[in-house]
Each structure stands twice: as structure tokens, then as C-alpha cells.
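Here the structure is laid out as C-alpha cells; the discussion comes afterwards.
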Amino acid sequence: MHIKDRQVLIESIDKRIARLKFILESEDNNDNVQNDTDSVQSENANKMSDVEVEGTLMNIARQELTQLKVNKDWIEREDGGMCVECEESIPIQRLIAVPTTRRCVNCAQNENK
């Protein structure tokens, strides 16, 4: 991977990490406010469903954040950006679009069959 491409990708990953951290920190702050109104929320099934959905989304965000941090470390290494299956270079456009991937499109499609 070219140095410039690596820098662009790392900047893109850093921006996504910052957005996820902001979302997760905002949710943590909302949890502190919502604790005072738990009795009201327990009476409303729709709100409980919303809370469950939000919790699931926050778990997905935490998982993505972890994967992004791991892949950022991988991208910074010499072998970063190489498909773990076929060992071909993963196009920078794919890595920017799917920064948590370690497979090229062909290998990812084969994995899903």
C-alpha cells in the first residue's frame, strides 16, 4: 500500500473512531439522565423496546469501535491492506468503505457462500 493511501485510510478510520466514541459517550450521558425516570419508562412498552434497540445499537457500535482499532493497527503494519485469504492487495476504496474488513471482495464473497 502506498504511504499516501495508508495515511488517507488511517485518517478515515480515525474520523470513524471519533464519531463512534462521541456516540457512545453521548449514550452514556443519556443513561445517567434516564435513570431518574426508570419508573415512568417501565410503564411504556414502546419505550422499553426503544431502550432495547438502543442497547443493541450501542453494542454494535462498541464492537465496530474495537474492530476499527484493531484494523488501524493492522493497516499501520507492513502487511496491512493485504487480503488475509489470497494475500492480494485490498483496494483502498474498499478499505475506506469497509474499514473493518481484512478480505478483498472476491474472498469476502466466497466466504459468504
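The values are calculated or read from the model by the stated rules, or taken from the named source; none is laboratory data. Given the structure is predicted, the values throughout are model-derived calculations rather than measurements. When we count neighbours, we look across all protein chains shown, and the Cβ atoms used for this are built from the backbone with ideal geometry, even at glycine. The protein model used for the area step is the full one, side chains on, heavy atoms only, and it has no ligands, DNA or RNA in it. Shrake-Rupley method; radii C 1.70, N 1.55, O 1.52, S 1.80 Å.
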Between Glu64, Glu88, which is touching a Cys at 6+ places or on another chain (Cβ under 7 Å), on the phi < 0 side of the Ramachandran plot, of a type in the set (Asp, Glu) and modelled with pLDDT of 95 or more? Glu88
Might you check whether a residue that is open to solvent by less than 70 Å² (accessible area, probe 1.4 Å), at pLDDT below 60 and over 26 Å from Asp79 (Cα atoms) occurs anywhere in region 16-24? no
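Let's see how each residue does on (1) of a type outside the set (D, E, K, R); (2) closer than 19 Å to Asp14 by Cβ:
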site: Ile60; (1), (2): yes, no
site: Leu68; (1), (2): yes, yes
site: Lys72; (1), (2): no, yes
site: Arg77; (1), (2): no, yes
site: Met82; (1), (2): yes, no
site: Glu85; (1), (2): no, no
site: Ser89; (1), (2): yes, no
site: Ile92; (1), (2): yes, yes
site: Ile96; (1), (2): yes, yes
